[in-house]
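Notes follow once the structure below has been shown.
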Amino acid sequence: EHKKTYHQTVRDPFVEFVEALSYRLDGSGLNLRGGKQSVFRIHRDTRFSKDKTPYKTHAGGVLSYSGTKKDERGILYVQFGSDGGFMATGFYQPERKVLTAIREAITQHPEEALAIMQSLAKKKLPLQATSSLKRMPRGFESYAESDVADLLKMKGHIVRKKLSPKQWQSPKIIETVAQFAQDSYPW
């Protein structure tokens, strides 16, 4: 019933935001792209949820190297709602082969991985796990006592930062998100 209003006041402006951010990041070394195809729909998947609310109360979109919602090289996710929002980069629920490649890179360059984590922490952008294993993953058991053991147990690696409604409404929001993307890029 209110589809036209939703498109005019939420979806279309958010698509314009994602496209403007994509333009800003073009040539910055990140080259993350996004547009209409990378903005999530308003409908919730309620099939397996106790909460049968049909619509989301936020707008969200992804910028990636491929310009799609899923990319093996990591993504930048941006979400806003009436209570604020957040931005996140990294690997959210990566496929097994991508997660294995990340873990192998960590074991091959543990000092570099720890240095990146420390650098992010200094910028108040700590690396977070989307979820973690209780035991070491298969094939990485020999690293159980290493300094990178917790990193290897992570099933997803993201850097996330909250945004207030005031920040979303700021004319500097494109620069805020672009700077966040640059700061969190090393991971």
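The values are calculated or read from the model by the stated rules, or taken from the named source; none is laboratory data. Because the structure is predicted, anything quoted here is derived from the model rather than measured. Cβ atoms come from the backbone with ideal geometry, glycine included; neighbour counts cover every protein chain shown. Note: areas computed on protein heavy atoms with side chains; ligands, DNA, RNA excluded. Shrake-Rupley method; radii C 1.70, N 1.55, O 1.52, S 1.80 Å.
So which aspartates and glutamates pass the test for Lys124, namely a Cα distance under 15 Å, with those fewer than 8 places away in the same chain ruled out? Cross-link targets: Asp183. If R0 equals 35 Å, the separation of the Cβ atoms of Glu141 and Arg73 corresponds to a calculated FRET efficiency of about 0.80.
Can you give me the solvent accessible area of Leu133 with a 1.4 Å probe, rounded to the nearest 10 Å²? Surface open to solvent at Leu133 totals about 60 Å². Listed by chain and number, the aspartates and glutamates whose alpha-carbon sits under 14 Å from that of Lys4, ignoring those within fewer than 8 places in the same chain, are Asp12. Counted by Cβ distance under 15 Å from Phe86, the other residues give a net charge of +4, where Lys and Arg count +1 and Asp and Glu count -1.
Please tell me which of these pairs span more than 18 angstrom C-alpha to C-alpha: Lys3/Lys172; Lys3/Lys56; Lys122/Lys161; Lys50/Lys70? Checking Cα-Cα distances, Lys3/Lys172; Lys50/Lys70 exceed 18 Å.
Near Met154, the amide H atoms lying under 5 Å from its own belong to Leu133; only residues 5 or more places off or on other chains count, and H is placed 1.01 Å from N. Rolling a 1.4 angstrom probe over the chain with all protein chains present gives an accessible area of which 50% lies on carbon and sulfur atoms. Solvent-accessible surface (1.4 Å probe) assigned to Ser142 amounts to roughly 100 Å². Under 5 Å between amide hydrogens, built in the peptide plane, is the criterion, and for Tyr65 it picks out Arg33 among residues at least 5 positions away or on other chains.
Label point of Lys172 set 7 angstrom out along Cα-Cβ; within the range 20-39, amide nitrogens under 19 Å from it belong to 21, 24-25. Taking other residues whose beta carbon is less than 11 angstrom from the beta carbon of Leu125, and scoring Lys, Arg as +1 and Asp, Glu as -1, yields +4. If I compute Kirkwood radius over Cα pairs in Å from the structure I just sent, which labelled value in (1) 15.8; (2) 17.9; (3) 18.8 lines up? Only one listed value fits the structure, namely (2).
Bridging of Lys134 to lysines at a Cα separation below 16 Å is possible for Lys153, Lys155, once same-chain residues fewer than 8 apart are set aside. When shorter helices are ignored and each DSSP H run of at least 4 residues is given -39500 (n - 2.57), the per-residue value for the chain at 222 nm works out to -10000 deg cm²/dmol. Residues in the range 145-160 carry Karplus couplings, in order, of 9, 7, 5, 9, 4, 5, 5, 6, 6, 5, 9, x, 10, 9, 10, 9 Hz; the curve used is 6.51 cos²θ - 1.76 cosθ + 1.60 with θ = phi - 60°, and Gly or Pro positions show x. In a DSSP loop and with at most 12 other Cβ atoms within 10 Å, the chymotrypsin sites (Phe, Trp or Tyr not before Pro) in the range 1-61 are Phe48.
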